[in-house]
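Q: Got a structure for you, questions after.
Just so you know, all these numbers are worked out from the coordinates, no wet-lab data involved. Please read these numbers as outputs of a predicted model, since none were measured by experiment. Please note: Cβ atoms are built from the backbone with ideal geometry, for glycine as well, and neighbour counts cover all protein chains shown.
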Amino acid sequence: MTRILFFLTALLLPAAAMIAAEPAPQRYDFSKRASEIDPRTREHPEIDFVFKDAKGKAMDLQHAAVDTRVPSRGKLVIWLMDYNAGLFDHIAGYGMHGIQVSYANRWFGKLKIENDDGKAVGNVRLEAATGEDFSPLVIIPKPDSIMERSLQFVKWLAKENPPGKWEQFLTADGNGLRWDKVILAGISHGSTTAARFAIYQKVDRVVMFSGPRDNTEDWQGLPSATPANRYFGFSHVLDGGWVGYHYCRSWQLLKMNDYGPIINVDEAKPPYGNTRRLITNCDVKNDAKRAHGTVVPGGAANKDATGKYIHEDVWKYLFTQPVEETGTKVPADPDCKMEQRK
């Protein structure tokens, strides 16, 4: 009998040891420079795409977060703008993985575009996203693109953070991302690049805050690899991009009106008629700059008397509402100025 017990104990010990070694579910946060992850990365000072600024601050620092205490939705959010800690808190809280990648997003205002055919700016965005030669105005190789930097970051995270299960977002051969599991998101120019990339590459969803811009371009109307019901937008009515008809124009070119009217979230409740076009007129003290940033978590966002963000339900809707549930098609808005080229 003693021998039998000893044998059973010996069999069970390795399994028990493995269970004990598993870390407790927790929130994980990472910061890592792209140039440290991938030695192929390069600086492109001509478009202000550098590793450090004049003060020595790292400009290629990337961030990631996942909370293993929350049931996973199996989605990877790629944020295309400066890191927003509050937004990543929400992304992790929804059971999603999130990364913010360094990419060439400082070129706007620096490039001279002559004889624009309506797609020149979009082609710069697409080259920054893919590293492919889409524009003669920039030279952004693959290791410095959104696609490759996202891939290398996820591969690094898969090794550094096994409990996070980042490998689920890699293809079987490990040479690409599972774009069908990716949510592209951004604000302002970040949301614009997200939309341009999603037209080229099919993704799970696109979440566009204060965007898309490019009001004199027409790439928004190109045939899209990502179906129109997977684009979601949210902006403030005092934002200069809304006042100037940039956003409503892009939304219509992206055919988002096929899935419902523009809904003011301050006068409605989720699921907002399952529309894809959301606006707010919350109090921003008539400050257009604050209006631009109030649609995401942070210092510009509105809170109620208890200190809770007033747009919590909106953010959850934008990232988690089933894409199959859609609103009813409505005609294009005749008050939206569609022709803005000089």
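Q: Divide, for the range 38-109, the radius of gyration over alpha carbons by 2.2 N^0.38 Å, where N is the residue count.
A: Rg over 2.2 N^0.38 Å, computed on Cα atoms: 1.31.
Q: Cβ neighbours within 10 Å, averaged per peptide: list 58-64, 325-331 in order, most packed at the top.
A: Put in order of decreasing packing, that is 58-64, 325-331.
Q: Turning to a different aspect of this structure: Which of 112/337; 32/289; 32/75; 57/269; 110/329 have a Cα-Cα distance over 32 Å?
A: Listed pairs above 32 Å: 57/269; 110/329.
Q: While we're looking at this one, here's another question. Could you work out the Rg to Rh ratio of the range 117-193, with Rh taken as the Kirkwood radius (inverse of the mean 1/r over all Cα pairs)?
A: Using only Cα positions, Rg/Rh for the range 117-193 is 1.04.
Q: Separate question: Compute the orientation-averaged projected area for the chain from the convex hull of its Cα atoms and round it to one decimal in nm². Could you put the intermediate results ahead of the total?
A: Numbers: hull surface 90.5 nm².
It is 22.6 nm².
Q: Would you mind calculating the relative contact order of the chain from Cα pairs under 8 angstrom and at least 6 residues apart, reporting the percent as a whole number? Walk me through the numbers before you get to the answer.
A: Numbers: 656 pairs, mean separation 42.0, N = 342.
Relative contact order comes out at 12 percent.
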